[in-house]
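Q: Input: one structure, supplied below.
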């Protein structure tokens, strides 16, 4: 019971943060819940809980989805997703995790500095300038296939392409709903969603609900600039957690 309550507290905090920003609950929760429940169980439980949270936000904010950007992001990530799923099953993901974490820390610190000085350019990238961001999306698909948490790389593109905080959150949550539906379907096909996994997931759902309530309240009260600061602070925290728990 103690393990379950501690896992629930982690789920509450991380899912509240994602309810504010639209990303981050999986990668922030995974190291702690893995230590409590075991890696194999944690990956499946967190993937399902993140799917439920994202689905709720999509339903509540359907009219805010930017379908053009959703198509671009999803299309490029789907190209990388099978590569990541292969790396996860072949256990070749450790070095990728550390490199990604260090990259995220550098970028998030840079963006926080720009936001603090109000020098950040929020205009959507165009022409040849968009190509590096498209590469981030492809790599984000690979990372999502490995860790079910490709959000950090996607955010680097989405913060420029989706400056409105409502569209940003709704569009990213539709993306997570799509990708995690594919991953969960894979679990069902391979028969890895066992009864203990389902029971553990069900017992943690109330903590997700509490996180949604808290996160929705915060999201409605945050202005655009502070929202950007929260987003990049989340990225920095994500990178630090990934470094600390890199295998």
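Q: Compute the angle between helix 131-147 and the longest alpha-carbon principal axis of the chain, please, reported from 0 to 90 degrees and rounded to the nearest 10.
A: Helix 131-147 sits roughly 10 degrees off the main axis of the chain.
Q: I would also like to ask the following. Regarding segment 137-212, what are the three Cα extents along the principal axes, ordered largest first, in Å?
A: Principal-axis extents of the Cα atoms in segment 137-212, largest first: 42, 30, 15 Å.
Q: Could you state the angle between the C-alpha long axis of helix 165-190 and the longest principal axis of the C-alpha atoms of the chain, as a value from 0 to 90 degrees rounded to the nearest 10?
A: The angle comes out at about 30 degrees.
Q: Cα axis of helix 195-221 to longest principal axis of the chain: angle in degrees, 0 to 90, nearest 10?
A: For helix 195-221, the angle is close to 30 degrees.
Q: What is the order of 86, 56, 157, fewest Cβ neighbours within 10 Å to most?
A: So the residues, fewest neighbours to most, are 86, 56, 157.
Q: Here's something else I'd like to know. Semi-axes, largest first, in whole Å: what does sqrt of 5 times each Cα gyration tensor eigenvalue give for segment 179-247?
A: Listed largest to smallest, the semi-axes of segment 179-247 are 30, 19, 13 Å.
Q: At 0.36 nm per residue, minus the direct Cα-Cα distance, what do residue 68 and residue 55 gain on full extension? Give it in nm, one decimal, please.
A: Contour length minus the Cα-Cα distance gives 2.8 nm.
Q: Extent of the chain along each principal axis, from alpha carbon coordinates, in Å, largest to smallest?
A: Here the spans come out as 49, 39, 34 Å, largest first.
Q: Also, quick follow-up: Quick check: Cα centre of segment 153-173 to Cα centre of segment 1-67, how many Å?
A: For segment 153-173 versus segment 1-67, the Cα centre distance is 18 Å.
We did not get these values from a lab; they are worked out from the coordinates using the rules stated. This structure is a prediction, so every number in the text was calculated from the model and none was measured. Note that we place each Cβ from the backbone using ideal geometry, even for glycine, and neighbour counts take in every protein chain shown.
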